[in-house]
Amino acid sequence: MALTNFVPAVYAAATLAALDKALTYGSDGVTNRDYEGDVAEFGGSVVINTITDPTIETYAAYTDMVGGNAATTPQTMAIDQKQAWSLNIDDVDRAQARDDNDFVSKVTARAAQKLAESADAYIAAQMAAAVTPGTEITVSTATAAYDLLVDMRTALSNNSVPVDGRWIVVTPAFHGWLLKDARFVSSGDALGGITRSGGVVGQAAGFTVLESTQVPDGPGAGAGKLLVAGHGIAMTYADQVSKVEAIRHQKQFVDIVRGLHVYGAKVVRPTALVGRDVIGA
């Protein structure tokens, strides 16, 4: 019994939708999707033009302004990452599933979760390469954990990063520290009733706080983790599930369902990111 109800375009869209919900570093707001529609097949690229800031000058009546010529600085985001998934489905198992829609949703969710883990790890690595974390910081109390968020908030403000839309991705252990601080609890932790998606666990010190198991290791000699905070303007991310297909196994009563996820990410405004190498996170 082949997958007679299989529709590649619908299945691909379902996979991408489930993938978007599973992403943390790649979720909307942490990165931006400004160039999503420009993604082609693997091996392509997207050219991003950044316009120069205008010149601000004192105006004097009947006096020519100095002005300046608009110029753009091109940056290229390569769509050079590819992850594939494949699943063998025996006819007996397929028949016992009964509900086609439920079966498809379960397969989609499992594939999306694995794809999201790979994509998040890649995005986190790009962010890590763009920040200078400084010396290692040891966090061993709830107060120290919250105070670190305040310090990172100050660093972003010193870089004139917009206040609205700031985020920070933390480890489960660091989130545990925050849960012991009354300031985090009162501002909206897991009991605060805020809407959660893409790993969001609360609000603190002006940040939307997200939790992830993909937080990269810190660059220091200790067993630290690199916590990165920033704004969605810092990094752009684009992806698509470019291929989804079902083929029949030649020597078994098995359908093979497989798909290809292609994506790219680039830090376009590194000053909108800050990082800290934290021991105890």
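The values are calculated or read from the model by the stated rules, or taken from the named source; none is laboratory data. Since we're looking at a predicted model, the values are computed, not measured. With ideal geometry, Cβ positions are generated from the backbone for all residues, glycine too; neighbour counts draw on all protein chains shown.
Tallying residues that are at pLDDT 90 or above and either at positive phi or in a helix (DSSP H, G or I) (or both) within segment 174-201 yields 6.
Scanning segment 242-256 for residues that are free of Cβ contacts under 8 Å to residues at least 24 places away in the same chain and not in a loop (DSSP other than H, G, I, E, B) yields a single hit, 247. Filtered by the rule that a residue be of a type in the set (Gly, Ala, Ser) and more than 16 Å from residue 226 (Cα to Cα), segment 145-171 gives 157, 160, 165. The number of residues in segment 117-137 being acidic (Asp, Glu) and either assigned to a helix (DSSP H, G or I) or loosely packed, with under 15 Cβ neighbours inside 10 Å (or both) comes to 2. Looking across segment 138-173, the residues that are among the acidic types (Asp, Glu) and part of a helix (DSSP H, G or I) come down to 147, 151.
Table: residues versus (1) of a type outside the set (Lys, Arg); (2) more than 18 Å from residue 119 (Cβ to Cβ).
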| residue | (1), (2) |
| --- | --- |
| 238 | yes, no |
| 243 | no, no |
| 253 | yes, yes |
| 267 | yes, no |
| 270 | yes, yes |
| 275 | yes, yes |
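Among residues of segment 107-125 that are without any contact (Cβ under 8 Å) to a residue 12 or more places away in the chain, none has a beta-carbon under 7 Å from a residue that is of a type in the set (Phe, Trp, Tyr) at least six positions away or on a different chain.
Would you mind stating whether residue 244 is surrounded by fewer than 22 Cβ atoms within 10 Å (Cβ to Cβ) and modelled with pLDDT under 95? Even if it seems obvious, please write down each step before you answer.
Details: surrounded by fewer than 22 Cβ atoms within 10 Å (Cβ to Cβ): no; modelled with pLDDT under 95: yes.
When the stated conditions are applied, residue 244 does not pass them.
Based on this model, can you work out whether residue 215 counts as part of a loop (DSSP other than H, G, I, E, B), modelled with pLDDT of 95 or more and on the phi < 0 side of the Ramachandran plot?
On the way: part of a loop (DSSP other than H, G, I, E, B): yes; modelled with pLDDT of 95 or more: yes; on the phi < 0 side of the Ramachandran plot: yes.
Against the criterion (part of a loop (DSSP other than H, G, I, E, B), modelled with pLDDT of 95 or more and on the phi < 0 side of the Ramachandran plot), residue 215 qualifies.
If we keep just the residues of segment 247-281 that are closer than 17 Å to residue 25 by Cα and among the β-branched types (Val, Ile, Thr), which is surrounded by the fewest Cβ atoms within 10 Å (Cβ to Cβ)? Selected residue: 268. Of everything in segment 31-65 that is at pLDDT 75 or above and hydroxyl-bearing (Ser, Thr, Tyr), the residue that is surrounded by the most Cβ atoms within 10 Å (Cβ to Cβ) is 31.
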